[in-house]
Amino acid sequence: MTKMHNSGNKHPDLPTENQNESNNRRSFLKKAAAATFTIANTDIIALAVEDSIGQREPVAEMPWYRRVTRWGQTNITEKDPIQYDITWWRKHWKDTNVQGVIINAGGIVAYYPSKIPLHRQAQYLGGRDLFGDLCRTAHEDGITVFARMDSNRAHEEFYNVHPDWFAIDSEGKPYKAGELYITCVNSPYYNEHIPAILGEISRLYKPEGFTDNSWSGLGRDTICYCENCKKSFSQKTGKEIPRGRNWDDQAYREWIRWNYDRRLEIWDMNNSTTKAAGGPDCIWSGMNSGTISGQSRSFRDFKEICNRADIIMLDSQSRSDASGFQQNSDTGKLIHGLLGWDKLIHESMAMYQAGRPTFRLASKPVPEARMWMIEGIAGGIQPWWHYVGATHEDRRIYHTPGPIFSWHKTNEEFLINRSPVATVGVVWSQQNMDFYGREESELLVELPWRGITQALIRARIPYLPVNADHIDRDSGKFSLLILPNLGAISDNQITMIRRFVKNGGGLIATGESTLYTEWGDSRSDYALGDLFGAHTDKQQQTNPGKTLRRLASETYHTYLRLSPELRKNVDGPHAGKEPEISGKRHTVLKGFEETDILSFGGLLRPGITEPASEVLMTFIPPFPIYPPETAWMREPKTDIAGLIINTSSVESRIAFMPADIDRQFGRYNLPDHGNLLANLIRWAAKDNIPLIVECAGLVECNIYSQPGRLIFHIVNLTSAGTWRQPIDEYIPIGPVKVKIKLSKEVSGKGLQLLVSKSKLTTSVEKGWVIFTINSISDHEVAVIT
Ligand SMILES: [Zn+2]
């Protein structure tokens, strides 16, 4: 568990100058361990923190944004003011155990009688103070309120008064979304109008905090040429706003960075405004995307945002077929890596049919909604139900969140303030998404990431995303770092990876990893070529990166030859006699004894391999598929390396895989590719994996530690892994045999199952705890003490 404060810390709310009072308070807090309560209108919590010997001791009082863990949101439509039944919703808040609600307040339209000029009233508001009524009701019930804004757009009458506050194209035409006009982030709309609204709402209603559905303005695909933007860009960079997209142009790159910086300014400015109006805990926390590509397209620098955020609000409502439910767990772990595991991440989770297709007013199948919530919780995300509209004819929707919210409430102490346990780190950076991925980030960044992480999940190997700037900070816990086609990388990040390897850490790099600077300029060789034991061949290609970038989008009829071949001295595979087995294959190729080739699908260029390296796979160039008569290898053997093991170091195990097996696996899900990646990962990590799970089915496993106990969360993805969304029933799996490596302070004698509640016994062998779960429907959480 991440320690919030040492017990000796002075907290302003704890009267430490009066020891008696302090002791009494402590005794009371102890009884209320981990429970939320309210004293004299001041929302505080006693957070029970266990010390190193496992005694639970409250040591700090927490502001609301560190303790509210379940949220509800009825996204108010303009029709709702005449049909919003507050009594009914108040009961629904209670029934679903929410501690906080997100209520539409202002921005595009106001749900209260605003006096700010041009702050348009919602169409059916009719003088009603709906936001105010809801806010007061929530506060009466001890429920925290996030006032929801939307800064992104405004109506025509606003545009007509202040056309210079809106984003325009190079011809001077305003950008529109439907009937609404897009506001410019560099204009007084953001500097004056929005702060005025925030101030008004804060003074009138005292919500605990503010969020904003769409605060970051125009996305990356659109350039604003308004006078405000021209002036600001020229002041900051001395340059004119670029005429179009050109990632090789320094002005365009600076335009990208300038856009990121402006969003951070808005973040800070809005926080200053709300804190000045509502006190130091009245934070502003705009919505963020659950994917790095989404953050990049919206100029939201996730690392910098997390550096300044007290809480993260995610707009990531459902899965895609490509990435599955497991993406939500990945997202939670990635953001906690930036934010810290002691802060909270909340995610808007659609109870309606969100995704593909979207039906705002129809209930999503319960298993589909529930699995997304469960995978979020497994990755450290807190649940937040989301409906659009205050009345529903599909009343089934109201029954979806209750059971999981109730379970969350019962088991909350095991679901927050915990430290992840994993020995494999997968490295990422937003710079790589931007300046290497550019317009093809799905192909160049997301597919390789998905291939690696899916191979890890499939092999039941716990992993954590690691930001490339945090390698030094986080490396102590890892045996292995993986660079999944991490093309763009800075010199400082390279230095940190070298340090990790020098200290004995393993390294796997794939594709074009380290071949570009942080701006996406080609390097003459892999920056870690000496560690890879492999280099680019300058004779072959003046700019190998560019060519591969283009070629990566296609699939080719290519193969990889495993080395050495196991059948030797025979004329052919069916020569009528037992083949002479010569040579011994590397352990990385285990399981492929009955084949000398693997399907591939990508292309490879010749490179240079150092003599001390071992080439485990070589490239078989493309040959026809159709017609079948032509489907024979024109060039069965080359010396173009697909997988290289650097054997020169005794300390570290290093593998470089120019063959884009990770991207191929992310795209096509071929088991051979997943098995090969899993073999490689186990070898490079020197088998230092703290978990062994034996069962049929696709499961996602995470381990967390809290003082005195380990928490094992296993999610059954078998149904989802079988077919595309939505799922409408669970396929139970079991028996599931689990072996977890114990930490020093956990004996492994105690076991509690938080979902099935069945009683199991454990055995302990050589520092591992072993137990068998009979059946898992959707998920199970095991607490080991
Ligand atoms: Zn502008």
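The values are calculated or read from the model by the stated rules, or taken from the named source; none is laboratory data. Small disclaimer: the values here were computed from a predicted structure and weren't measured. Note: ideal-geometry Cβ built from the backbone for every residue, glycine included; neighbour counts use all protein chains shown. Heavy atoms of the whole protein, side chains included, go into the accessibility calculation; ligands, DNA and RNA do not. Shrake-Rupley method; radii C 1.70, N 1.55, O 1.52, S 1.80 Å.
Return yes when K303 is in contact (Cβ under 8 Å) with a residue 40 or more places away in the chain, open to solvent by 20 Å² or more (accessible area, probe 1.4 Å) and of a type in the set (D, E, K, R) and no when it is not. Give the steps one after another, and end with the answer.
Numbers: in contact (Cβ under 8 Å) with a residue 40 or more places away in the chain: yes; open to solvent by 20 Å² or more (accessible area, probe 1.4 Å): yes; of a type in the set (D, E, K, R): yes.
Answer is yes for this residue.
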*Residues that are within 21 Å of T391 (Cβ to Cβ), open to solvent by less than 10 Å² (accessible area, probe 1.4 Å) and of a type in the set (D, E, K, R), drawn from segment 359-371*: K364
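How many residues are within 16 Å of the ligand (Cβ to nearest atom) and of a type in the set (A, V, I, L, M, F, W, C) if we restrict to segment 181-197?
To start, the set of residues in segment 181-197 that are within 16 Å of the ligand (Cβ to nearest atom) comprises 181-194.
Of the ones still in play, those that are also of a type in the set (A, V, I, L, M, F, W, C) are 182, 184-185, 194.
Summing the residues that are within 16 Å of the ligand (Cβ to nearest atom) and of a type in the set (A, V, I, L, M, F, W, C) in segment 181-197 gives 4.
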*asked:* Taking the condition of being in contact with a Gly (Cβ under 8 Å, 6 or more places away or on another chain), away from the ligand (no atom under 14 Å from the Cβ) and either within 14 Å of K275 (Cα to Cα) or open to solvent by less than 40 Å² (accessible area, probe 1.4 Å) (or both), how many residues in segment 210-237 meet it?
replied: 3
*asked:* So G748 ticks every box in (1) outside any loop (DSSP other than H, G, I, E, B); (2) touching a strand residue (DSSP E or B) at 6+ places or on another chain (Cβ under 9 Å); (3) surrounded by 20 or more Cβ atoms within 10 Å (Cβ to Cβ); (4) of a type in the set (G, A, S) but one. Which box is left unticked?
replied: (1)
*asked:* I need the full set of residues from segment 708-744 which are among the charged types (D, E, K, R) and either modelled with pLDDT of 95 or more or assigned to a strand (DSSP E or B) (or both), in order please.
replied: R709, K737, K739, K741
*Just one of (1) in contact with an Asp or Glu (Cβ under 9 Å, 6 or more places away or on another chain); (2) among the aromatic types (F, W, Y); (3) open to solvent by 10 Å² or more (accessible area, probe 1.4 Å) trips up W683, so point out which.*
(1)
*When both residues are 6+ apart or on different chains and their Cβ atoms are under 7 Å apart, which pairs have a first residue that lies in segment 606-621 and is at pLDDT 95 or above, and a second that is assigned to a strand (DSSP E or B) and among the charged types (D, E, K, R)?*
M617/R561; T618/R561; I620/R561
*Mind checking which residues of segment 189-209 are within 22 Å of F233 (Cβ to Cβ) and open to solvent by 20 Å² or more (accessible area, probe 1.4 Å)?*
N191, E192
*(1) part of a helix (DSSP H, G or I); (2) open to solvent by 20 Å² or more (accessible area, probe 1.4 Å); (3) closer than 30 Å to P448 by Cβ: which one isn't true of I335, the others all being true?*
(2)
_Unmet requirement for R243, which otherwise passes all of (1) under 30 Å from the mean Cα position of the chain (by Cα); (2) open to solvent by 20 Å² or more (accessible area, probe 1.4 Å); (3) away from the ligand (no atom under 13 Å from the Cβ); (4) farther than 30 Å from R203 by Cα_ = (1)
*Can you tell me which residue among I374, I397 is closer than 25 Å to V693 by Cα and either of a type outside the set (F, W, Y) or open to solvent by 10 Å² or more (accessible area, probe 1.4 Å) (or both)?*
I374
_Between E200, E265, which is outside any loop (DSSP other than H, G, I, E, B), away from the ligand (no atom under 15 Å from the Cβ) and either touching a residue at least 12 places away in the same chain (Cβ under 8 Å) or within 32 Å of the chain's Cα centre (by Cα) (or both)?_
E200
*Please name all residue pairs, on different chains or six or more residues apart, with Cβ atoms under 9 Å, provided the first residue is in segment 145-173 and is more than 21 Å from M269 (Cα to Cα) and within 13 Å of the ligand (Cβ to nearest atom) and the second residue is of a type in the set (F, W, Y) and open to solvent by less than 10 Å² (accessible area, probe 1.4 Å).*
H162/Y189
*What residue, among those in segment 425-445 that are aliphatic (A, V, I, L, M) and over 16 Å from the mean Cα position of the chain (by Cα), is surrounded by the fewest Cβ atoms within 10 Å (Cβ to Cβ)?*
L443
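Report those strands (runs of 3 or more DSSP E) wholly inside segment 351-452 carrying at least 2 residues which are in contact (Cβ under 8 Å) with a residue 40 or more places away in the chain.
Numbers: elements: 359-363, 381-388, 419-421, 424-428.
The strands (runs of 3 or more DSSP E) meeting that bar are 381-388, 419-421, 424-428.
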*Quick one: would you say Y205 is more than 14 Å from the ligand (Cβ to nearest atom), touching a strand residue (DSSP E or B) at 6+ places or on another chain (Cβ under 8 Å) and on the phi < 0 side of the Ramachandran plot?*
yes
